[in-house]
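Everything below concerns the one structure shown next.
The values are calculated or read from the model by the stated rules, or taken from the named source; none is laboratory data. What you see is a predicted model, and the numbers here were worked out from it, not measured in a lab. No Cβ is skipped: glycine too gets one built from the backbone with ideal geometry, and neighbour counts run over all protein chains shown. Note: areas computed on protein heavy atoms with side chains; ligands, DNA, RNA excluded. Shrake-Rupley method; radii C 1.70, N 1.55, O 1.52, S 1.80 Å.
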Amino acid sequence: MKLQIILPNEAAGADPRRLAELAGQAEALGYDTAWLPDHILPPGEYGPVYGGVLEPLVTMGWLAAATTRIRFGTSVLVLPMRSPFVVAKQVATLHGLSGGRITLGVGIGWDEREFTAVGADFRSRAARTDEAIALLRHLFRSGRGPFEGRWYGFETGVFEPRPDGPVPVMTGGVTDAALRRAARYADVWQGVGLDPTAFAERLAYLRARTDGRTVSPGTRIDWHGPDSTVGEAVRTAEAFRAAGAEHLAVHFGDPDGYARRMTAFARASRRGQSDGSGVSTA
């Protein structure tokens, strides 16, 4: 099981340079992917509920330039708040600049107040997300029109740069509708708010609907310490691996102490691997 991190991007006053330092440390520790959250205009202050102080796609370009191996992704970009044409251009550019280290994680959003604030329609968000994913893949694959959809479409136009390899699409969520979306459109599925037993049940629901498609399953957890509980956190990770998770993303809390906890978790995971009882960052 691949271990990943969720970068701390919830504190408006935090030094943005710290994210590059943490991404570099995560790469050195062997973590596979670093994820960034997204909120454009939340109705409340940034913090535990609303993450995404720094715009994630712009930030990913900066972080990719400061690293060489670790992947970056959005967890998750609220796609129906944005023009999918602009997102396609941004992601294709990031793919080329990073050497193919980008995963586009998308979601439909959940806070109607934020949709209203940015002038986006809340009720149609699920259908528009599905169509936007189809449009992105069309642009990446062919780079030409036509594309005809209910909300998005064009007759003529040239899309470049077209990615020289696949750009994985991750969808999140644990509802039946979210899992049906993952089964139909996603390359990667990331759960949230699940224990290992619930994860196994949701994974079974997903796999029953993929129609032979390969969707890499995983989830995300929080571990904010204290440091003495790192063994318990690693045992939780192992339980998710046993339940079928292929990747596990961990949020290590506030920027202060984040690097220490991230390091302790990676080292404890390697110790567990060496005695046959743990997971690996490799």
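State, as an integer percentage, the relative contact order of the chain based on alpha-carbon contacts under 8 Å between residues 6 or more apart.
Over the chain, the number comes to 20 percent.
Put +1 on the Cβ of each Lys and Arg and -1 on the Cβ of each Asp and Glu in the stretch 1-56; which of A28, H39, G13 then has its Cα farthest toward the positive end of the dipole?
A28
From the P(r) of the chain, could you give the percentage of C-alpha pairs in the tail past 32 Å?
Cα-Cα pairs of the chain separated by over 32 Å account for 22 percent.
For the chain, with the dipole built from +1 on Lys and Arg beta-carbon atoms and -1 on Asp and Glu ones, taken about the Cα centre, which of A182, T210, G153 lies farthest toward the positive end?
T210
Enumerate the amide H contacts of A249 below 5 Å, restricted to partners 5 or more residues apart or on another chain; note that Pro and chain-start residues carry no placed amide H.
Q4, T219, R220, I221
Rounding to the nearest 20 debye, state how big the charge dipole of the stretch 1-151 is about its Cα centre with +1 on each Lys and Arg Cβ and -1 on each Asp and Glu Cβ.
My answer is approximately 620 debye.
Given R₀ = 30 Å, FRET efficiency for T229-R17 by Cβ-Cβ distance, to 0.05?
Approximately 0.55, to the nearest 0.05.
Whole-Hz Karplus ³J(HN,Hα) for the stretch 220-233, in order, using 6.51 cos²θ - 1.76 cosθ + 1.60 and θ = phi - 60°, x for Gly and Pro?
9, 9, 10, 9, 10, x, x, 4, 5, 9, 4, x, 5, 5
Express in nm, to one decimal, how much length is gained between R207 and R144 on full extension, taking 0.36 nm for each residue of separation and deducting their alpha carbon distance.
My answer for the length gained is 19.4 nm.
If you place +1 on the Cβ of every Lys and Arg and -1 on the Cβ of every Asp and Glu, how big does the dipole about the Cα centre of the stretch 164-256 come out, in debye to the nearest 20?
I would put it at about 600 debye.
How far apart, in nm, are the 7 Å Cα→Cβ label points at T116 and A66?
Rounded to a tenth, the inter-label distance reads 3.7 nm.
Show me, bin by bin at 10 Å from 0, the whole-percent P(r) of the stretch 106-149 based on Cα pairs.
P(r) for the stretch 106-149, in whole percents per bin: 26, 42, 26, 6.
Using the Cα centre as the reference, give the magnitude of the dipole from point charges on the C-beta atoms of the chain (Lys, Arg: +1; Asp, Glu: -1; all else neutral), rounded to the nearest 20 debye.
Roughly 740 debye for the chain.
R0 = 30 Å: FRET efficiency of L41 with R123, Cβ-based, nearest 0.05?
0.95
May I ask for the distance between the Cα centers of the stretch 59-125 and the stretch 129-151, given as a whole number of Å?
16 Å
Where does the stretch 1-129 land on Rg/Rh, using Cα atoms and the Kirkwood Rh?
The Rg/Rh ratio comes out at 0.97.
I need the calculated FRET efficiency for the pair D256 and T197, taking r as the beta carbon distance and R₀ as 35 Å, to the nearest 0.05.
So, using R0 = 35 Å, E works out to roughly 0.55.
Distance between the C-alpha centers of the stretch 203-239 and the stretch 1-30? Whole Å please.
Each part's Cα centre sits 19 Å from the other's.
For the chain, which whole-number percentage of the solvent-accessible area (1.4 Å probe, protein heavy atoms only) is attributable to carbon and sulfur atoms?
52 percent
Given the DSSP H assignment, sum -39500 (n - 2.57) over each helix run of at least 4 residues in the chain and divide by its residue total; what's the result at 222 nm in deg cm²/dmol, nearest 500?
Mean residue ellipticity at 222 nm (helix-derived): -12500 deg cm²/dmol.
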